Structures are given as structure tokens and as C-alpha cells.
Amino acid sequence: MRVCSGWRRFLFCLPLVFFLPLLFSVMELHLNSTMEYTQTKHSKKSDHLVLGPAAGQGLPNRLQCEGIKALNKTHFSTSSHTSKSGENIAFVTVFAIYNSSLNVNVDDRSSNLVTVGNASYSKVERSMAILNIFINFIQVTMPQSNIIIITDPASDLHMRRNRVIVHPIQGEYSRDKLMLQRIRSYIAFLDTRLEELSHRKGHITHYIFTDSDIAVVDDVGQIFRKYPNFHMALTFRNNKAQPLNSGFIAVRGTSDGILRAKAFLQEVLKVYSSKYMSASRMLGDQLALAWVVMSGPSFDTRKFTKPQAFLEKVGGASVLFLPCAEYNWTPPEGAGQFHGMPLDVKVVHFKGSRKRLMLESWNFFNSSANISDMLCLILSSGRTKYDF
């Protein structure tokens, strides 16, 4: 190069030949380290509550918050869900704890401990805490309801709480098969209810099958009065791939309702087993639900785009479709497609890595007795993924 022509210029430029590659290597290493740190920072799940802006502020019919203080109140029902003589509500969930889960040594337990408020939990203890808080919320908002916990007969599960019944049903409750087993257990449970109904005529109990990581924050039993012509109910959202969520399924407790819901679930099980076994650990049940519902030639999927309840005939069952925004609201979707939290929300679902938020929410409510403020806490914290 002319710039380096002559010995003096050559001697001046010679160090640059060695220095520049080293400089670029250092800069690249620094950039990669910064990117790795940023990715680690973003992927790290929080072990404490993280408050952010509450979605839906300024929108009509949405909870308005100033920090964790509610500026308006959610529309809580005042009528009792037992207003019809002889009709009751029972919540049903599937849960299993095994003897081997409890036989852990002290070192393993201490390494798995998480702290929420003033309490520390091992992995098994936090699962039990979630189950107990699931029960707590129901007993606050629907105190006359029963809670039925379906479990493996081999499970070491003992619950000594008022209106809580442990109901063993034989099956394969391993983590890989739990979603498949859950449908089988629902079908077996409905069989026992049909048998019981034949001996107790005139006494009706409606059933709401749910995940155990939900908080019932208002009376959901009113759906059986408000919509008298359905056999079973599902929750939907505006999601093309997964429009239905299996975490809330309601069944009318008449013999006709139970029979038709059982036949519907048997069809779901058949589709699940034949088409979605590769997703048996997660989502397979929801994919099978959607296939059974949407395979009908007259079903209009555009109804899923509007958060309004609708009734549809699916096979031999009259199915009520309820919007997730009200009956299966989730924190991350509250910041997205739900555009905040509707004032008439009845069920909050702490899906995924938001179980810590469920425990924190109960602790907050237990100290404040204010559901609207608690919902502001959930709305402001729900975008964060937590350590469990």
C-alpha cells in the first residue's frame, strides 16, 4: 500500500498487523459475553414477585389498578350457587403424591427448597401447598361446594379438610401419561356418579373438572342457572392452534348430562390415543378436544374470535362454550390477547411457571381480604416467569 511505502512507514504499520486482529477478537469475545449474559438474564426465572405495568388500563370493563390498588371493583356475584333446592356444585381435580416423593433425604430437600413469604417448601410440599390454596379459594368464594380429588390408589395422599373428598381411581398416573389418564379418570368418575344418581333420585350435583393450579375468585356455579340447556361446558380463546383449554370442564349433573358428557370424553380419549400420543405429556388433551369439536361439518371456528358464550351441538352433546377471558383467565394472556382483566373474571389459571404467583396471591388475600386488590397484584406480576 502507498500509505506504508518506505521503511519508516512500514515499521510504523507493522504493529497494526498484529494488533488489529487481537483487538477484533477481544471485541467479539466481549460482544458474545454480553449476549450470553443478556440471554441468561432474560431466561432466569424469578424467585420473588416482579411488579410491572398492569395491562388493560384505560380500557372499558377492565380492572383498573394503581400499583396493586384496585381503582374499580370486579363484578362479584351476590347470589348463592345453591339457590335451587337440591342442587349442589362439586369441583373435581386430579392429583397424586407418591411414597417415593416423600422419602427424600435432608440434603435433597434443602437443595430443592423455595421460600414464599414466611414459609419454605420442598418440591413435594409446594405441590401440596398449591392444592391447598386451590381448596382455599373455592371455600372462600363458594363455601357450600364440595371438592373431590381423584388420585391413584397407590398415592400417599391424605386430606383432612372440610368438604374435601379423596377419590382413588385405578390408572397410570406417571407424568408422561397424566393428561391421558386424567381423561380416563374423568370418564370413570362419571360412571360412578351415574350409578350413584340411580340410587339418589332428586338430588343433583353439578361437576366442574379443573386443574389444581386455578383460583376460583367468583361463583362459577351460576352457569348452570344462566344457561339451562347445556350438557357440558368448555372454555375457549382466540387461538388457532389451541382454541380450547382443558383446565375447566363443567358437566350438568343430570343423568342425561352425565351420559352425554361421558360419551363426548370417550370420543376425545379415542382421538387422543389415535392421533396425539406424541403429545401425551402436554397439550394432547387440548388438541384432541379441538379435533372433536371442530371436526363437525357445521362448526364455525369464527365464533372463537369473539369472547362471547355460545351453545353448539357436538355429537350428541349440547356444549356450552365459555370465554377463557372470564372462566379461565391466565396472567400472560391477560397482558396479550385478553387486553387486561375483565371485571367479571371468575377463574384465574396460574399456568406454566406461575405457581409461585398463586401462593403469593393467596398470602396477599389472606392478609388483606380484598380480592380486587389481589387481582391487581396478579395482573401486575403475571408477565414474569417464576422459579416454579
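The values are calculated or read from the model by the stated rules, or taken from the named source; none is laboratory data. Just so it is clear, the structure is predicted and the values come from calculations on it, not from any experiment. Here Cβ is always computed from backbone atoms with ideal geometry, including for glycine, and neighbour counts include all displayed protein chains. Just the protein is used for accessible areas: all its heavy atoms, side chains included, with ligands, DNA and RNA removed. Shrake-Rupley method; radii C 1.70, N 1.55, O 1.52, S 1.80 Å.
Taking the Cα centre of segment 159-213 as origin and charging only Cβ (+1 Lys, Arg; -1 Asp, Glu), how large is the dipole, in debye to the nearest 20?
Details: 10 positive and 7 negative charges, 50 e Å.
The calculation lands at about 240 debye.
On segment 240-347, 55 percent of the accessible area sits on carbon and sulfur atoms, based on a 1.4 Å probe. Would you list which aspartates and glutamates come within 16 Å of K313, measuring only between C-alpha atoms, while excluding same-chain residues fewer than 8 positions from it? Here the aspartates and glutamates satisfying the reach criterion relative to K313 are D256, E267, D300. Would you work out which of G340, C324, F388 lies farthest towards the positive end of the dipole of segment 264-388? Charges go on Cβ: Lys and Arg +1, Asp and Glu -1. Ranked along the dipole, the leading option is F388.
Here segment 252-292 yields Rg over Rh of 1.08, to two decimals, using C-alpha coordinates and the Kirkwood radius.
Run the numbers for Q57 and R175: contour at 0.36 nm per residue of separation, minus the present Cα-Cα distance, in nm. Intermediate values should be presented prior to the final figure.
Values: separation 118, 0.36 × 118 = 42.48 nm, distance 3.93 nm.
38.6 nm is the gain from fully extending Q57 to R175.
Return the inverse of the average 1/r over all pairs of distinct C-alpha atoms in segment 151-256, which is the Kirkwood hydrodynamic radius, in Å to one decimal. Could the numbers behind the result be given before it?
Working: mean 1/r = 0.0627 Å⁻¹.
Result for segment 151-256, one decimal place: 15.9 Å.
In the full protein context, segment 249-388 carries 38 Å² of accessible surface per residue, based on a 1.4 Å probe and ignoring ligands, DNA and RNA. Peptides 57-70, 208-221, 326-339, 299-312 ranked from most to least packed by the mean count of surrounding Cβ atoms within 10 Å: 208-221, 326-339, 57-70, 299-312.
Using +1 at the C-beta of Lys and Arg and -1 at the C-beta of Asp and Glu, which of L287, P297, M277 has the Cα lying farthest in the positive direction of the dipole of segment 230-388? Sorting the options by dipole projection puts first M277.
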